[in-house]
């Protein structure tokens, strides 16, 4: 089974310069190849294969000697990523590949010749980079992806094959239904309600102040660059707080239950509502469901998604009577048939759990539309199948 471990690294000044050159070479090669693919398609109606794109490298290195600043296999991974991006687009699993910018997050991947030496990570052409290994792992290193965030923090994502087979999911045990919302982040079928932390609202005053300062700076100046880093740090803080909350809640729910059922929400369509777009984007439903899924799979538990059009809120979980209309401002209602008073969210969570058990008893499955975006072809097919590992993390708890 493949697992991904993320560590923070601390390159020195020389190593940061070397990494910046590598980021720039890989980014330039991506943009050059993407532009060539687009021009070829416009002229001939056909695309370029991964082999053809990789075959351009020897000639490009002679024409542009600075391309040798990047490790050769990092450039080959760029060709693989581009061909995979086009395949995902034509299979309607992703959008059309776009050009990369030197602003924002940067990353490169090393598919080989990377190893740990005590507290240091040895990278080709970079050398020994200090790495904060807050947990150990067992297995063979497959790939290492080095990334730099806009707040100029560096991370190494290590993909490891531990040689173990994935546990088959089981349905024997406690089942729980989860209804996601904005007032309460999650409502479970056992009556528990978890408040929405609203991380963006908590940091909005600080973020506003930093953004106002950034808007006053002259473009291209050093002061604007410093102000941009301050804004990026606030956004990074918000993202880390959100991720920490979702990690802890998803871990708790997976530890306590065998079957986890959620509703397949159309988040992309919901954010088109301009009144709720900011709140929906901040809450992180998609990230929460992703964490529930991979943690359940790793523990041998069952994760199931119920169709988004299932009337979970409008159906009485006692007599299955369905009301015709139930506006969002109605948070509780009474069934006309059995006179049961329902909390809207808890009733929806119970119906989600019951529907998941019905689906499992029929031996069918109901998952999100569109499927997963996977790498097809090439020796790195397993990259997106990696399951992040939390064992050994300071925040990891059992029970």
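Here are the numbers:
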item: Highest average packing first - 165-172, 14-21, Cβ atoms within 10 Å; result: 14-21, 165-172
item: Burial order of peptide ranges 22-35, 45-58 (average beta-carbon count within 10 Å, highest first); result: 22-35, 45-58
item: Length-normalised contact order for segment 162-253 - Cα pairs under 8 Å, 6+ apart - percent; result: 16 percent
item: Acute angle (nearest 10 degrees) that the helix 13-44 long axis makes with the longest principal axis of the chain, alpha-carbon atoms; result: 80 degrees
item: Calculated SAXS-style log₁₀ I(q)/I(0) at q = 0.09, 0.10, 0.19 Å⁻¹ - segment 2-161, Debye, Cα scatterers; result: -0.32, -0.40, -1.25
item: Label point at residue 135 placed 7 Å out along Cα→Cβ; residues across segment 4-25 whose backbone nitrogen lies under 11 Å; result: 4-7
item: Relative contact order [Cα under 8 Å, 6+ residues apart], the chain, whole percent; result: 19 percent
item: Over the chain, volume per residue of the alpha carbon convex hull, in Å³; result: 185 Å³
item: Degrees separating the helix 344-362 axis from the principal Cα axis of the chain, which is the longest one; result: 80 degrees
item: Stretch gain in nm, segment residue 171-residue 320, where the contour uses 0.36 nm per residue and the Cα spacing is subtracted; result: 51.2 nm
item: Spin-label pair residue 95/residue 38, simplified geometry with 7 Å Cα→Cβ offset, distance in nm; result: 1.4 nm
item: Computed helical MRE - 222 nm, the chain, DSSP H runs ≥ 4 contributing -39500 (n - 2.57), nearest 500; result: -13000 deg cm²/dmol
item: Sequence ranges 63-71, 247-255, ranked by mean other-Cβ count within 10 angstrom, highest first; result: 247-255, 63-71
item: Helix axis angle, 72-90 relative to the chain longest principal axis, alpha carbon, degrees; result: 40 degrees
item: Efficiency of FRET from Cβ geometry, residue 362 and residue 276, R₀ 41 Å, rounded to 0.05; result: 0.75
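Values quoted throughout were computed directly from the atomic coordinates according to the rules given, and no laboratory measurement underlies them. Predicted model only: the values in this text are computed from it and were never measured. Counting neighbours? That spans all protein chains shown, and the Cβs are built from the backbone with ideal geometry, glycine included.
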